[in-house]
1. Which residues, counting only those in the range A:123-151, are of a type in the set (D, E, K, R) and in contact with an Asp or Glu (Cβ under 9 Å, 6 or more places away or on another chain)?
2. Which pairs have Cβ atoms under 9 Å, sit 6 or more apart or on different chains, and link a residue in the range B:38-52 that is more than 7 Å from chain A (Cβ to nearest Cβ) and over 13 Å from residue B:12 (Cβ atoms) to one that is surrounded by fewer than 17 Cβ atoms within 10 Å (Cβ to Cβ) and polar (S, T, N, Q)?
3. Step by step: first the residues of the range A:159-176, then only those that are at the interface with chain B (Cβ under 7 Å from one of its Cβ atoms) and surrounded by 14 or more Cβ atoms within 10 Å (Cβ to Cβ), then the one that is farthest from residue A:106 (Cα to Cα). Which residue is that?
4. Just to be sure I understand the filter: pairs with C-beta atoms under 8 Å, separated by 6 or more residues or on different chains, first member in the range A:134-154 and part of a loop (DSSP other than H, G, I, E, B), second member modelled with pLDDT of 90 or more. Which pairs pass?
5. Could you figure out which of (1) touching a helix residue (DSSP H, G or I) at 6+ places or on another chain (Cβ under 7 Å); (2) surrounded by fewer than 19 Cβ atoms within 10 Å (Cβ to Cβ) isn't true of residue B:378?
6. What number of residues in the range B:27-76 are outside any helix (DSSP H, G or I) and among the hydrophobic types (A, V, I, L, M, F, W, C)?
7. Can you tell me which residues in the range B:57-80 are at pLDDT below 85 and either more than 9 Å from every other protein chain (Cβ to nearest Cβ) or more than 19 Å from residue A:19 (Cβ to Cβ) (or both)?
Amino acid sequence: MSTEQIEEFAKHFEQLESPLIAYACQILKNLEDARDQVQEAFKRMIKEEQFIENPKAWLYRTTRNLSISHIRKHQRMQKEGEEKQLDFFASKLDSGDDPNSPVEKLERSEKINRVAHFVSLLPEDSKDLIKMKFDKKLSYREISNETGLTEGNVGYKLHHLLQGLADDLKAEGITS
Amino acid sequence: MNEDKMEERILAYLVGECDEEEAFEVEKMCRENALWQAEKIRYGQILGLLEESINQPDPESLPEKETKLTENQRNEIKSLLAVKSLTLQKNEDENSKENKNEMKENVMTEKEEKDEKNSKVIYWAPLAAAAVAAMIAYWGSPEKEAGGATVASTSTVEQKQSELNSSHIDEKTLSGKETFSAETEIALQDAIADSANETLALRTASEIKELEQANIENLPSGKELAAKITNRSLSIDKNNSLAQLEANVSEDSVSSDSSLAAAFSLPVPLPAPAGLQPEAISGEDSSKIKSKAETNFSKAIEKSTTESSNRWYSLIKGPQESFVFNEKGDSLGKIQILESTPGKIQFKRTNWPNQNRNFTLETGAYEIRLSQEQAGTLILKGNVIRLEEGNKYEFKITEAWELDKEEKRNPVPIEDLNP
């Protein structure tokens with residue numbers, strides 16, 4: 001971590017402390033553990049010798065990895081029993097691209113959590129747009145009628161919301 | 001097509017917001033273009049994740065207070081941050097020190113380079129100065145070209161001389177500023193001399209002949225020269241010394257500025273006291289002028305000597321100041337010259353600085369100093385005899401000296417003291 005990033009650390013801390021705890025809590029299902037992992041993520045950020053290009057992505061990725069590691073360490077996998085967890089480690093060695101494999105399922109689950117977390121942090125009008133489009137399956141015209149926005153404006157807003165999500169997921173290594 | 005437009009079209013395609021024709025176009029682009037294909041897959045994944053995340057129950061919304069680190073955790077981060085800051089500060093200080101050292105080394109290196117450059121300057125400066133001096137000596141005066149380079153005339157020679165003299169002045173000015181070292185001055189002088197020789201070498205034989213002819217034509221005739229010397233001898237100031245006389249005569253002989261030697265900046269040797277150049281004047285005129293000049297010169301010397309004798313005589317007759325000293329050099333006070341005959345002076349004492357001492361001078365050796373503003377100071381040594389008549393004394397001169405400006409005694413023949 002460079003001097004410049006230490007100076008910016010406070011800003012990142014203020015902006016991401018709560019979201020990260022919420023995200024970690026979503027994975028760990030335990031607030032105290034979530035706080036510990038987020039604290040550890042911030043500490044690692046301070047100790048990091050390499051230049052951190054995207055601090056936000058770095059913190060999310062580290063928090064997620066720490067949380068998963070914590071689950072593994074304490075053998076408390078989310079929605080997985082102890083046996084499944086053991087199966088997970090065993091299957092990791094010979095798992096392919098099988099979407100039904102425990103590893104893939106776990107990864108998929110973490111990705112979904114991350115997207116859910118992203119949406120949870122959006123403003124209410126953006127959340128409504130996402131829900132109308134991907135939950136209610138409304139067309140742009142229907143959304144336009146609901147919100148009063150033009151069809152083009154609905155498309156533009158959705159495009160930028162998805163673009164932001166895609167960039168975050170890509171930066172955190174969740175998507176390619 | 002830009003990336004935003006591509007993403008927008010792919011998203012519209014993926015969410016079913018484009019007509020059939022547009023859908024066909026996008027599918028075609030995705031088949032043909034790998035980038036379109038990659039973006040289609042990426043956004044497809046994201047939309048899948050998004051749909052799934054929407055379908056999942058909302059994550060428990062935690063109270064804002066809960067989504068904060070505890071005070072201890074915050075303090076731990078703060079202390080770690082402080083340690084990190086100190087470490088970084090220390091590293092930066094060390095780096096800055098290293099940088100300073102490097103800078104010092106660089107400065108030293110630069111200094112060494114500068115010294116090297118200076119040494120190069122010291123080496124090259126004299127050569128450069130010499131080159132400049134040579135250029136000044138040769139091209140320095142624009143009048144030279146205006147006057148015509150090939151015309152050999154007296155004015156050209158004068159011009160040339162002034163150019164060369166000016167180069168001497170430049171040299172003096174430069175050396176006066178102590179800008180150049182002794183080596184530089186030597187180089188300058190060499191350059192000037194070389195330049196002058198080069199200038200002369202560039203002249204053709206015919207030009208030199210013309211110059212010589214002009215010199216001969218400008219020389220005064222024998223009669224004129226004899227008249228000049230006579231006039232000069234007569235017009236010599238009474239105070240002029242022999243050296244001055246010689247200098248005037250020689251100056252007269254070269255004052256025409258027509259000598260070929262005047263074209264050189266190198267000092268021209270002074271001619272003989274007669275002031276004649278035998279090779280310039282030949283035949284009968286030469287011998288006549290020579291004999292006449294010698295005669296006049298002897299007369300002038302004689303006159304000068306006579307005037308000098310008269311000077312001492314007049315000084316003895318009427319000195320402005322006159323003192324008597326004992327053999328040890330102690331001043332015994334002022335005296336008044338009463339009478340002077342060849343080799344003898346009668347005087348009386350006018351005051352006595354120490355009244356407790358005997359006012360009367362004992363017979364013996366004494367010195368008398370006589371001084372006059374114009375004539376200078378004359379020291380006479382001799383024996384004093386007290387005359388029976390009043391307080392008069394007779395002083396018989398045995399030696400005499402002139403006291404010059406540096407307070408040195410220059411012997412004066414006793415005969416010169418006579419009228």
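The values are calculated or read from the model by the stated rules, or taken from the named source; none is laboratory data. Quick caveat, the model's predicted, so the values are computed rather than measured. All Cβ positions, glycine included, derive from the backbone under ideal geometry; neighbour counts span all protein chains shown.
1. Step one: list which residues in the range A:123-151 are of a type in the set (D, E, K, R), which gives A:124-125, A:127-128, A:131, A:133, A:135-137, A:141-142, A:146, A:151.
Scanning the range A:123-151 gives A:128, A:135, A:136, A:141, A:146, A:151.
2. Listed pairs, sorted by first residue: B:38/A:176; B:41/A:176.
3. Step one: list which residues in the range A:159-176 are at the interface with chain B (Cβ under 7 Å from one of its Cβ atoms), which gives A:159, A:162-163, A:165-166, A:169, A:175-176.
Add one more test, that the residue is surrounded by 14 or more Cβ atoms within 10 Å (Cβ to Cβ), and what stays is A:159, A:162-163, A:165-166, A:169, A:175.
Working: A:159: 28, A:162: 23, A:163: 24, A:165: 20, A:166: 20, A:169: 16, A:175: 15 Å.
Checking each candidate, the answer is A:159.
4. Between residues of the range A:134-154 that are part of a loop (DSSP other than H, G, I, E, B) and residues that are modelled with pLDDT of 90 or more, the close pairs are A:138/A:132; A:149/A:143; A:149/A:157; A:150/A:144.
5. Against the list (1) touching a helix residue (DSSP H, G or I) at 6+ places or on another chain (Cβ under 7 Å); (2) surrounded by fewer than 19 Cβ atoms within 10 Å (Cβ to Cβ), residue B:378 comes up short only on (2).
6. 2
7. At the first step, the residues of the range B:57-80 found to be at pLDDT below 85 are B:57-67.
Those that are at pLDDT below 85 and either more than 9 Å from every other protein chain (Cβ to nearest Cβ) or more than 19 Å from residue A:19 (Cβ to Cβ) (or both): B:57, B:63, B:65.
Yes/no per residue for (1) loosely packed, with under 15 Cβ neighbours inside 10 Å; (2) modelled with pLDDT under 85; (3) not small (Gly, Ala, Ser):
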| position | (1), (2), (3) |
| --- | --- |
| B:309 | no, yes, no |
| B:328 | yes, yes, yes |
| B:343 | yes, no, no |
| B:353 | yes, yes, yes |
| B:360 | yes, yes, yes |
| B:382 | no, no, no |
| B:391 | yes, yes, yes |
| B:398 | yes, no, yes |
